[in-house]
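Here's the structure, in structure tokens; my notes come after.
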Amino acid sequence: MENFEVIEGNITSPKGFLASGVFAGIKKAKKDFALIYSEKKANAAALFTTNKVKAAPVLLDMEKIKNGEAQAIVANSGNANACTGQKGYEDACSMAFMAAEKLNIDKDDVLVCSTGVIGVTLPMDKIAKGIELAVQNLSRDGGKEAAEAILTTDTFTKEIAVKFNIKGVEVKIGGIAKGSGMISPNMATMLSFITTDADISKSALNKALKDTVKRSYNMISVDGDMSTNDTVIMLANGVAGNPTIDEGTKEYQVFYNALLYVNKHLAKQIAKDGEGATKFMEVNVVNAPTEDDAILASKSVVNSNLVKTAIFGEDANWGRIIAAVGYSGANFSQDSVDIYLKSNKGLIKVCENGGYVPFSEDKAKEILSEKEISIVVDFNAGKYEALAWGCDFSYDYVKINGSYRT
């Protein structure tokens with residue numbers, strides 16, 4: 001039984017947070033500038049892309065986050081400010097400075113994010129306009145607009161909020177995210193912003209974020225490409241007034257479980273919104289000798305383009321699945337592997353002891369005709385498991401990415 005309740009809301013559900021999303025003209029028509037603001041300076045934690053090519057705002061935030069504090073996040077869509085050299089870095093600094101000036105806070109307490117086309121410098125006149133409008137429009141109801149403003153090729157907003165009790169005090173966590181393409185395990189072309197009014201120590205916040213990201217955003221794949229701008233930021237302002245949460249306590253576990261749910265929900269929403277996706281795919285590796293083995297295998301299968309195209313074609317090609325497990329680096333014996341396909345239409349075993357097993361192609365086709373598909377890989381070699389999420393590869397993915405800049 002979970003110790004939290006899912007509620008309607010997002011980043012402004014926790015106390016003390018305001019947000020806005022506005023149109024600054026960076027994109028042709030839709031909202032393209034978001035602001036998240038805590039009325040009180042917050043403890044902050046963040047994780048960033050592992051790509052060696054990092055966008056200017058990522059490099060800036062990696063320095064700013066070292067003190068574990070922040071009060072605002074500014075984010076634009078339509079331009080990644082990546083591969084833009086010294087000018088790009090200076091522009092990211094200017095974004096922080098302009099926002100800090102308008103909010104009357106320290107520039108070091110403003111984190112900066114960008115997403116969109118790589119290799120184009122920011123239109124700073126439009127950025128300035130976005131900051132001014134975003135500050136003017138800050139509100140307790142602005143979370144949805146902020147969620148809209150960070151989208152690129154996404155087809156829907158990703159939002160969630162939960163509430164739970166810490167020693168009798170109600171605490172909330174809210175989140176928004178964006179991501180649709182250039183999504184690969186070890187984060188993605190994604191931004192995720194999470195807020196909480198919990199009072200939690202910096203070390204506990206860092207650990208909770210790192211451990212939940214490992215089991216959420218790092219377990220999704222749309223197309224195998226890794227972005228230059230991936231960022232997950234969490235702010236904890238302590239306004240709820242609960243006793244401080246520290247590592248190794250019951251209260252930490254309650255907080256961790258709620259945060260894991262929030263991040264898994266947002267990660268799965270990103271996978272469902274994969275560019276051109278027609279099916280959501282979950283890969284569950286079970287009975288592995290270690291958790292790392294389960295993680296390696298599940299990520300390899302969900303990231304396989306051949307598996308993705310088979311799911312799109314509703315083809316029970318289990319050979320592609322076991323091949324992806326084979327090159328994953330996981331420790332297992334082929335002779336003990338069973339593979340199942342599952343959906344609302346039923347469950348079917350398509351591989352037994354690492355080889356062929358008779359099965360009904362018609363039943364398998366029926367199972368794969370559903371919009372949500374689960375692939376279960378049973379190692380029969382231990383007690384550990386892992387979940388990864390992704391989507392199929394359709395013709396529309398090529399269409400979308402063949403004209404991304406136009």
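Some points to look at:
- The residues of region 80-101 that are buried (at least 20 other Cβ atoms within 10 Å of the Cβ) and over 19 Å from Leu47 (Cα atoms), listed by number, are Thr84, Gly88, Asp91, Met95, Met98, Ala99.
- Every pair of residues 6+ apart whose Cβ atoms lie under 9 Å, when the first sits in region 357-376 and is within 11 Å of Gly346 (Cα to Cα) while the second is outside any strand (DSSP E or B) and among the β-branched types (Val, Ile, Thr): Leu368/Ile311; Ile373/Ile311; Ile373/Ile367
- Phe255 being over 21 Å from Glu372 (Cα atoms), touching a helix residue (DSSP H, G or I) at 6+ places or on another chain (Cβ under 7 Å) and not assigned by TED's automatic domain parsing to the domain that holds Asp396: yes
Here is a yes/no grid of residues against (1) buried (at least 17 other Cβ atoms within 10 Å of the Cβ); (2) part of a strand (DSSP E or B); (3) charged (D, E, K, R):
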residue: Lys129; (1), (2), (3): yes, no, yes
residue: Val162; (1), (2), (3): yes, yes, no
residue: Ile194; (1), (2), (3): yes, yes, no
residue: Ala198; (1), (2), (3): yes, no, no
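- Of all residues in region 126-177, those satisfying the criterion of being among the hydrophobic types (A, V, I, L, M, F, W, C), within 19 Å of the chain's Cα centre (by Cα) and closer than 22 Å to Asn237 by Cβ are Ala146, Ala147, Ala149, Ile150, Ile160, Ala161, Val162, Ile173, Ile176, Ala177.
- Yes/no for Val53 being in the same structural domain as Asn263 (by TED's automatic domain parsing), hydrophobic (A, V, I, L, M, F, W, C) and in contact with a strand residue (DSSP E or B) (Cβ under 8 Å, 6 or more places away or on another chain): no
- Within region 110-127, restricting attention to residues that are assigned to a helix (DSSP H, G or I) and out of contact with any helix residue (DSSP H, G or I) (no Cβ under 7 Å at 6 or more places or on another chain), the residue that is surrounded by the most Cβ atoms within 10 Å (Cβ to Cβ) is Lys126.
- Those residues of region 271-321 which are farther than 16 Å from Lys365 by Cα and among the hydroxyl-bearing types (Ser, Thr, Tyr), in sequence order: Thr290, Ser298, Ser300, Ser304
- Residues (of a type in the set (Val, Ile, Thr) and crowded, with 24+ Cβ neighbours inside 10 Å) located in region 278-303: Val283, Val285, Ile295, Val301, Val302
- Positions within region 112-143 being of a type in the set (Asp, Glu) and in contact (Cβ under 8 Å) with a residue 12 or more places away in the chain, in sequence order: Glu132, Asp141
- Any chance Asn79 is among the polar types (S, T, N, Q), in the same structural domain as Thr212 (by TED's automatic domain parsing) and in contact with a strand residue (DSSP E or B) (Cβ under 6 Å, 6 or more places away or on another chain): yes
- When Gln136 is tested against (1) under 22 Å from Glu159 (Cβ atoms); (2) out of contact with any Pro (no Cβ under 8 Å at 6 or more places or on another chain); (3) at pLDDT 95 or above, exactly one condition is not met: (1).
- Test result for Gly326, on the phi > 0 side of the Ramachandran plot and modelled with pLDDT of 95 or more: no
- Pairs, first touching a residue at least 12 places away in the same chain (Cβ under 8 Å) and in the same structural domain as Ala34 (by TED's automatic domain parsing) in region 147-164, second crowded, with 22+ Cβ neighbours inside 10 Å and hydroxyl-bearing (Ser, Thr, Tyr), C-beta under 6 Å, six or more apart: Ile150/Ser77; Thr152/Ser77; Thr152/Thr115; Thr153/Ser180; Asp154/Ser180; Ala161/Ser13
The values are calculated or read from the model by the stated rules, or taken from the named source; none is laboratory data. For clarity, every value in this text was computed on a predicted model and none was experimentally measured. Because the Cβ atoms are built from the backbone with ideal geometry, glycine has one as well, and the counts that use them run over all protein chains shown.
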